[in-house]
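The values are calculated or read from the model by the stated rules, or taken from the named source; none is laboratory data. Predicted model, so just to flag it, every value in this text is computed and none were measured. In this analysis, Cβ positions are derived from the backbone assuming ideal geometry, glycine residues included, and neighbour counts consider all displayed protein chains.
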C-alpha cells in the first residue's frame, strides 16, 4: 500500500488572483499565452510560466475547464458547475455552454451495449458563431 501525502494548499497570490479575475471576465477559451498577453496589457506583471502553472492548478481544482484545441494547444475557461458541453466559435473563440440530453442518453446506451458502466465523456462542438462572417 502506498502512502499519499496531503495536497499542499495553494497560496492565493496577487498573480493567481489576477489570472482568476481575468478568466471570470471572458466567455471564450483562452490559451496561457493569451491570458499572459491580456494581463500584461492590463498592467499586471506576471510571468508566462506562472500563468501556465496557475491555469493548470485552477484546472486541477475544477475552477476552470481545460480543452485541447484542434491545433493541440491547451485553452482554459471559467465554467459553471456540473456536467456540460461547449459550442466554440473557430474564428473568435466565443464559447457557449450547452446541455445535451440526447448525447447523454446516447453515451449511456452505447456504454451499456458494450458492457461499460460509469462511463464519462467530453463533447466540444466547433463552428462559426452568428457574430463572425463566413
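Given the options 35, 46, name the one that is crowded, with 16+ Cβ neighbours inside 10 Å, part of a helix (DSSP H, G or I) and at pLDDT 90 or above.
35
Among the residues of the stretch 54-66, count how many are surrounded by 20 or more Cβ atoms within 10 Å (Cβ to Cβ) and either in the same structural domain as residue 86 (by TED's automatic domain parsing) or within 20 Å of residue 88 (Cα to Cα) (or both).
3
Residue under question is residue 75, and the condition is that it be in contact with a helix residue (DSSP H, G or I) (Cβ under 7 Å, 6 or more places away or on another chain), in the same structural domain as residue 27 (by TED's automatic domain parsing), surrounded by 12 or more Cβ atoms within 10 Å (Cβ to Cβ) and closer than 15 Å to residue 30 by Cα; does it hold?
No; evaluated as a whole, the condition is false for this residue.
State whether the residues of the stretch 102-113 include one that is in contact (Cβ under 8 Å) with a residue 60 or more places away in the chain, outside the structural domain of residue 21 (by TED's automatic domain parsing) and surrounded by 15 or more Cβ atoms within 10 Å (Cβ to Cβ).
no
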